[in-house]
Amino acid sequence: MDHKINDSTLKATLLAMGSALIITIILLIFSSNNPLQSIVFFFTGPFSNTYNFGNMLNKAGLLIFAGLGMSIAFRSGMFNLGGEGQVYAGATAAVLVSINVNFPNRYIGIISAVIIGIISGALIAGFSGWLKKQWNTDELISSFLLSGIIIHFTDYLISGPFKDNSSFLNSTVKIPTILFIKQFLDTSHFNISFFIAVIFTFLAFIFLFKTSMGYEIRLSGLNRKFAEYGGLPINRHLIIPMLISGGMYGAMGSFASMGSYHMGIKGFTQGFGWNGIAVALIAGNNPAFVIPAALIFAYLDAGTQVAMIHSDLSFEFGNLIKAVIFFLITAKKLNLKKEYLYD
Amino acid sequence: MISSVLFMSTPILLAAIGGLLTELAGVLNIALEGLMLIGAFSAILITKFTGSMFLGTLGASLAGMSLAYIFGFITLRFKANIFITGLAANLFAVGITNYLSSIIFGTKGVISLLNYSQLLHIAGNNIFTYIGLFITGLSLWIIYKTVFGLRIRASGFDISILKIKGIDSYNIQMKAILISGALSGLGGAVLALNIGAYVPNMIAGRGWIALVVIYLGRKHPVGILIASIFFAATEYISNIAQGFFQIPSDILLGFPYLITFIAMVIYSILNTRLNNGR
Amino acid sequence: MNKHLLTMHNITKTFPGNGVKAVDCAELQVGTGEIHSIIGENGAGKSTLMHILAGEIIPDTGNIIISNRNIELSTPSIALKNGIAMLHQHLKLIPELTVLENIILGVEPSTKAGTLNSKDALNKINKLCKEFDIFVDPKKLVKNLTSDKKQITALLSILYHNIKIIILDEPTTFFNEIKADTVHKVIKKLQNMGKSIIIITHKLKEAIEISDSITVMKSGRTIANLNSSETDINHLSSLILDGNSKIKSNKPDIQKGSVLLEFKNITYSQGAVNYLDINFHIKKYETLVVTGIRENGLEILEQILAGNIQKTTGDIIYKNTTTGNKIFSLRKIGAGYIPSDRIKKGTSIKSSITDNIILLKYKFFSKWGIMDSKKINGFVSKLIDEFGIIGSGNQLISTLSGGNIQRVMIAREIDANPELFIFAEPSKGLDILSKQMIYNKINHLKKKGSGILIISSDIDEAIKIADRVLILHNGKEAATLINKNLNRVEIGKIMLGLNK
Amino acid sequence: MAVKSLYYSLIVMFLLTLGLVSCTKEKSDTENTNDIYSIAVFVPGVIAGSPTYEMMAEGAQRAVNEVDGRELKIIEGGYNQGEWLEKITVLASSNEYDLIVSTNPAMPAICNEVSKLFPNQKFFLLDGFLEGNKSIYTFRYNQVEQSFLNGYFAGLITSSKMDGANTDLKIGLIAGQEYPDMVKAILPGFTAGAENVNSSISVDFRIVGNWYDAEKARSLSMSMFNSGVDIILTIAGGANQGVITAAREMGKYVLMYDVSAYDDAPGIIIGSTEIKQERAAYEKIKLAIAGKMNFGTAEIATVKDGWISFDNKHPLYLKNISADINSRMEEIISELVSGKISLKMPVY
């Protein structure tokens, strides 16, 4: 089935990763006065203490949500470029609900807030899907523009009507302490959302490969003509995958706000959306590979951060290393010779 | 006012025209933002050392081309996922400019030209406005009147037909990517040289807007010109509105996106109606 | 005439997909300034041989000699450089470009600055148009052209090159009778210019009238090479149709069922050209084969049935309900359908056998939306067994042979037990064993009460499985016969328009 | 396939345990409180282009250089507020720095959070306000006074007959973003200062939306100048460059905040307030090293104490500004010093 990876792809991926690793080490050697120290911190940093380790896992967990959603959208042939806005809206919606509603107990509170977050993300992305279905509006562009609108509107909510006037942060008030998602590993942000993400991975896998709707989505994405020929409801799958990817971004956002930030801070989910796309593509749009892809991603971030603090590695070098890895990670072949056109 | 809007649209227009060439050649180019950033940085770097804005502009284009080459090479030769390599190019641009900046200037912040002289204005318009319009015209000519342009349009549709005709599509797509690098670099240079300084992150999403503009402009130079002016005009209006209305600034900052989004939806509704009527 | 401009010697090509020898030790000789027709049934290997000559298919064995030089034609552009070009039936045009741009792509006349010298090109094209007495507006986008103008564009893009050998695949197919004259004029003109022309055609009359010599192909072999002055239509048709007279006619069933589907005065036309004009019905418990030359209306009929194009006039009535102006939708009425385009439409080649085979049934296997793997696996392995598919459920379709792909589709469609079953070109590219299996399955389905509509250009197939045969000639119904002691020569002559 | 997923979750579990094992080791070797060994400066943004950050870093460096064996690490945190909390926590969790120095009105709230997790971590925060946390010492400037000086000066300019001044009584303020100090201290102070000159002076206040889009700042300023503004106070980080460009193009004036920057654009930047951030960082860190920092208290620095000033000594200033205006500036400064005008920093 198409969720299996064949040996040559695996080989190419490993080769690409290996090359990226070597280039990374070379970069570190050139950039640092004490290269060995930088290398050690970069690679072992994420494991150096509970905080770093927990945060890495937490970040990976959040990325898993977005990666799963995007995988499903990509599988159906839809492109959701509005993740930035959907995460932000989801995160903020969850916070606003937590602040403004009196919940009878923490579980109902947390669950409702997260669900509201998911719904807000889903509706925003779903709207782009609906426009596509209705008037064939290009979802790539509409989701991007919509995200631009949502980001600014959410900025307004946070620094306008819901601003915490007693705080120096550009933020909402904190959510009630009882609605904090409990953090494990004492101080880190690591919380149950990581495990929920893992469960979601199973669910997404099952959804995509074991349910009738997943079947419809996969076939519509692979060969629209065939899906139409088979009488599958292809129009529905302009909307549903968008709803799912937006919802997953919403989940990413609401878990981030309920589990890590505990309030809505202006611009606090910046960059989450792009990372979701990256994770999905690195994973080859396969839920089974979203976990390792998200871990690689979070590992790189954590490694950079730790190395920055402990050695003379600079922030931009983290970016450079990530760039090198991104350049190569999806390479299908690494032959330097120009491939003859007609082979 | 018109000259302001025209000038505001220029960096976006330049990057979008470059992106148009790759788009027509069948390459989704999300690296525009990074290419512009490299251009902005190089423009200031070179102008600072040579004292010549002309060389700075030229250098910005070359720098854009260099990054575009890496992006194109890996994407086309290694057959890597173009979206990921595009993101990589953007990250790379941020990393390399900061790195070079700290090596050369000992700072990762603003680099300003000390002996700054204002950009040349002709008849009230910035010189780059004319360059932008000229390049738009030039692109019309390249795309529709030259052999290269014809081959670009063909390779975007179906590479296999190019094979039959004995045309090397790698070559065509690579050239399109290089041109987009040069034009995006130029777009970055326009931003930086007009301000007389390089500010990290100063592209501020214009590369992404350029990508949107390509689609809004129906992948045609004239459409792109109109779309980028449209976007610049909405931004201009929102700038002015900040002085008049008590609308929260955050809302006004989102205004260009809102108007563009509405325009896009209306366009697609009309388009559907028209097609159904046929 | 110089007989030695082109020699194709001992050409063999087996497609790895289905193991069928498409071309088998074929020989071809064409001289300078010669018009050479290649005739034969659908599937005789004519097109494959010509694709080899055009550099699009690399043969397994054989030599191609042009002007006494042995040449390897590994790509179309190399063929083009050697002066060989093919006018395809499926036009390789880029719809977003203008006529002129399509014509000059790859050999653009340019100034030193790299500018397109459109004027030169335009002059040349206009000159060509005048010379050959054809017309198309060079500045129009190809996507806005009618199909005959597209054909002219494709023709021009060949004439534009400096070509020695031109291959025309069914040149008069898209033209009506009057315009065929135009095509013939073009061909004669080319001959006068000293070019060699190879024509693939089904029209025997045309072949004799226009060409100097004729090669007859059958089952991948070149069975005869004749001067057209030495032969006549009867001779040619007997050559083509000969050989398989052993095939036994199917014993037609008595038609006891009720009418399932009726095509009442269905026409399809574009502009003044009428591509289809047909009347038929199909009952339960019967197999109707619509046969003819594929390009003579079979394709259009399939497209209408599939709901891809809308009929121009007439009524399609399914079980006493007319579809009116709505596009006919096969799946909505629960019909089974196997299209002739198996790869793009009939299968999702990047998906597994399982995913392809459960297309019509996936909902039966799901409870609350979850698909029951066990049931599916059971179902899939049952069908794999029953239909002799070589492969396992999770194997990708793209790794299967053509015959196997066919079996996957048939398994899927027949298992759904449709009341109406439409099958286009059932035996296209199949080996004998697969064919027999398919026929058995179709018969079995029929006996259970389904109405079977087969669109096939293979006469033998028609004789083998039809209860009734509808023969199309030039888009019109030429005859509908009950399959009682029919033989291939009789049908062949009707479809070739020779029975009058 | 289920096997494969299982395989992945096993990897995760493995990593998890690995992490836990490697974590447990490091916890013990801290507990050495009062003595300050090493110092981290956390920059909420990037240093260059932001004078206050530069000054903080310089001051810290000077303080550390004067004592042997002290270590200083400067970390740039980027502009995303949301990430600051995480990065400060990483810093605190590393257990490597005895004192974390930072500057920004938002930092006290963030460090207060971190402090709950790492009660032993000490913080010295400039430009922020928080009382009562035993680990945090804050040092904040009276920005109402500071912006009042800017506003008063802008008021004098717009009512003057200088080349770039017009008859409209309009002055401008451009901010990178709308943050609490901006809305509650700077804008009111600036307005009050101008109104002190002439109550009919109006303030045109606009937002760039970020700290780096210089082109947006330029076109915003252009539209402000076109609407009659003749002097703009710019507090927009890197985007300040755009304001200067616009003023140069229009022959108008720019006012700077926090740092005297006349040299950057002679004749365009005609006024500037200054804060003694470098001195603050230097003196306070030396106090901390000596173990004398009053953690738990908050200091508010004023014009009177000399922490805030209006730079009216710079040659370029003296060259551009008439003696009359300068004497009025001297006057208002002395009124602030003497307490004749009293401007309280709001507590919120």
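The values are calculated or read from the model by the stated rules, or taken from the named source; none is laboratory data. Predicted model only: the values in this text are computed from it and were never measured. All Cβ positions, glycine included, derive from the backbone under ideal geometry; neighbour counts span all protein chains shown. Accessible surface areas use protein heavy atoms only, side chains included; no ligands, DNA or RNA. Shrake-Rupley method; radii C 1.70, N 1.55, O 1.52, S 1.80 Å.
Here are the numbers for the structure shown:
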{"item": "Residues losing 40 Å² or more accessible surface upon assembly, region D:205-244, compared with the chain by itself, 1.4 Å", "result": "D:Arg206, D:Ile207, D:Tyr212, D:Asp213, D:Glu215, D:Lys216, D:Arg218, D:Ser219, D:Gln241"}
{"item": "Helical segments meeting 27 Å axial Cα length and Kyte-Doolittle -1.0 threshold in chain A (DSSP H)", "result": "A:7-31, A:50-75, A:106-135, A:139-159, A:236-256, A:287-310"}
{"item": "With all protein chains modelled, accessible area of C:Cys25 [1.4 Å, Å²]", "result": "60 Å²"}
{"item": "Dipole of chain B [Lys/Arg +1, Asp/Glu -1 at C-beta], most positive-end residue of B:Leu13, B:Ser112, B:Ala80", "result": "B:Ala80"}
{"item": "Cut-off 15 Å between beta-carbons: net charge of the residues surrounding A:Gly85, Lys and Arg +1, Asp and Glu -1", "result": "-3"}
{"item": "Accessible heavy-atom area order of A:Arg224, C:Arg294, highest first, probe of 1.4 Å", "result": "A:Arg224, C:Arg294"}
{"item": "Minimum 40 Å² accessible area buried by the other protein chains, region A:218-251 residues, probe 1.4 Å, relative to alone", "result": "A:Leu222, A:Asn223, A:Lys225, A:Phe226, A:Tyr229, A:Gly230"}
{"item": "Computed P(r) (all Cα pairs; region C:259-495; 10 Å bins; percent)", "result": "8, 31, 35, 20, 6, 0"}
{"item": "Kyte-Doolittle mean at least 0.0, axial Cα span of 27 Å or more - DSSP H helices of chain B", "result": "B:2-24, B:53-72, B:82-104, B:169-195, B:221-244, B:249-277"}
{"item": "Mean Kyte hydropathy of 1.0 or more with a Cα span along the axis of at least 27 Å, helices from DSSP in chain C", "result": "none"}
{"item": "Accessible area buried between chains B and D, both sides summed, probe 1.4 Å, in Å² to nearest 100", "result": "2300 Å²"}
{"item": "Per residue Cα convex hull volume in Å³ - calculated over region C:359-405", "result": "83 Å³"}
{"item": "Kirkwood Rh and Cα Rg combined as Rg over Rh, evaluated for region A:19-72", "result": "1.14"}
{"item": "Region C:344-464 - charge dipole about Cα centre, Lys and Arg +1 at Cβ, Asp and Glu -1, debye rounded to 20", "result": "380 debye"}
{"item": "Rg to Rh, two decimals, where region D:190-273 supplies the alpha carbon set and Rh follows Kirkwood", "result": "0.95"}
{"item": "q = 0.13, 0.16, 0.23, 0.27 Å⁻¹: log10 I(q)/I(0) that the Debye formula gives for region B:206-273, counting C-alpha atoms only", "result": "-0.40, -0.58, -0.98, -1.16"}
{"item": "Per residue, in Å², the accessible surface of region B:2-203 once ligands and nucleic acids are set aside, probe 1.4 Å", "result": "30 Å²"}
{"item": "Whole-number D in µm²/s for chain C (Stokes-Einstein; Kirkwood sum over Cα pairs; 37 °C, 0.692 mPa s)", "result": "134 µm²/s"}
{"item": "Partner chain coverage, peptide A:165-173 - average Cβ within 10 angstrom", "result": "6"}
{"item": "Rounded Å value of the spacing that divides the Cα centres of region A:227-282 and region D:264-282", "result": "46 Å"}
{"item": "Contact order relative to length of region C:6-241, as percent, for alpha carbon pairs under 8 angstrom and 6 or more apart", "result": "29 percent"}
{"item": "Region D:319-348-region D:45-84 distance, computed between alpha-carbon centres (Å)", "result": "31 Å"}
{"item": "Residues of chain D: accessible area per residue with a 1.4 Å probe, Å²", "result": "37 Å²"}
{"item": "Accessible surface of region A:34-329 [probe 1.4 Å, protein heavy atoms]: carbon and sulfur percent", "result": "67 percent"}
{"item": "Cα extents of region A:52-128 along the three principal axes, largest first (Å)", "result": "42, 36, 17"}
{"item": "Accessible area of A:His189 in the full protein assembly, 1.4 Å probe (Å², nearest 10)", "result": "20 Å²"}
{"item": "Where B meets A: accessible area buried, both sides, 1.4 Å probe, Å²", "result": "4600 Å²"}
{"item": "Accessible-area value, C:Arg342, 1.4 Å probe, nucleic acids and ligands omitted, Å²", "result": "20 Å²"}
{"item": "Per residue, in Å², the accessible surface of chain A once ligands and nucleic acids are set aside, probe 1.4 Å", "result": "33 Å²"}
{"item": "DSSP-defined beta bridges in the protein assembly as shown - what % are antiparallel, rounded to 5", "result": "45 percent"}
{"item": "Beta bridges by DSSP in region C:259-495, antiparallel share as percent, to the nearest 5", "result": "55 percent"}
{"item": "Within the protein assembly as shown: Cβ-based charge dipole about Cα centre, in debye rounded to nearest 20 (Lys, Arg +1; Asp, Glu -1)", "result": "5180 debye"}
{"item": "Dipole-positive endmost among C:Ser340, C:Val259, C:Ala478 within region C:259-495 (Cβ charges, Cα centre)", "result": "C:Val259"}
{"item": "Percent accessible area from carbon and sulfur atoms, region C:6-241, protein chains only, probe 1.4 Å", "result": "51 percent"}
{"item": "Interface burial for A against D (accessible surface, 1.4 Å probe, total of both chains, Å², rounded to 100)", "result": "4400 Å²"}
{"item": "Nearby lysines by direct alpha-carbon distance to D:Lys73 (threshold 19 angstrom, same-chain neighbours under 8 apart not counted)", "result": "B:Lys108, D:Lys87, D:Lys122, D:Lys284, D:Lys286"}
{"item": "Ratio Rg/Rh, restricted to the protein assembly as shown and using Cα atoms, in which Rh is the Kirkwood radius", "result": "1.04"}
{"item": "Rel. contact order, % - alpha carbon contacts under 8 angstrom, at least six apart, chain B", "result": "36 percent"}
{"item": "√(5λ) per eigenvalue of the Cα gyration tensor, region C:1-113, largest first, Å", "result": "27, 19, 14"}
{"item": "Within the accessible area of chain B (1.4 Å probe), percent carbon and sulfur", "result": "68 percent"}
{"item": "Largest-first ordering by accessible area, 1.4 Å probe, given options C:Leu498, D:Leu318", "result": "D:Leu318, C:Leu498"}
{"item": "Region B:2-65: C-alpha gyration tensor shape, a/c 1.5 cut-off, then a/b vs b/c", "result": "oblate"}
{"item": "Relative contact order [Cα under 8 Å, 6+ residues apart], region C:259-495, whole percent", "result": "29 percent"}
{"item": "Size of electric dipole in region A:34-329: Cβ of Lys, Arg +1 and of Asp, Glu -1, about Cα centre, debye, nearest 20", "result": "620 debye"}
{"item": "Three-way shape call for region C:6-241 based on the alpha-carbon gyration tensor, with the a/c threshold at 1.5", "result": "prolate"}
{"item": "Region A:226-343: C-alpha gyration tensor shape, a/c 1.5 cut-off, then a/b vs b/c", "result": "oblate"}
{"item": "Bins of 10 Å from zero: percent of alpha-carbon pairs in region B:2-203", "result": "10, 35, 33, 17, 5, 0"}
{"item": "Chain A: Cα Rg divided by the 2.2 N^0.38 Å rule of thumb", "result": "1.03"}
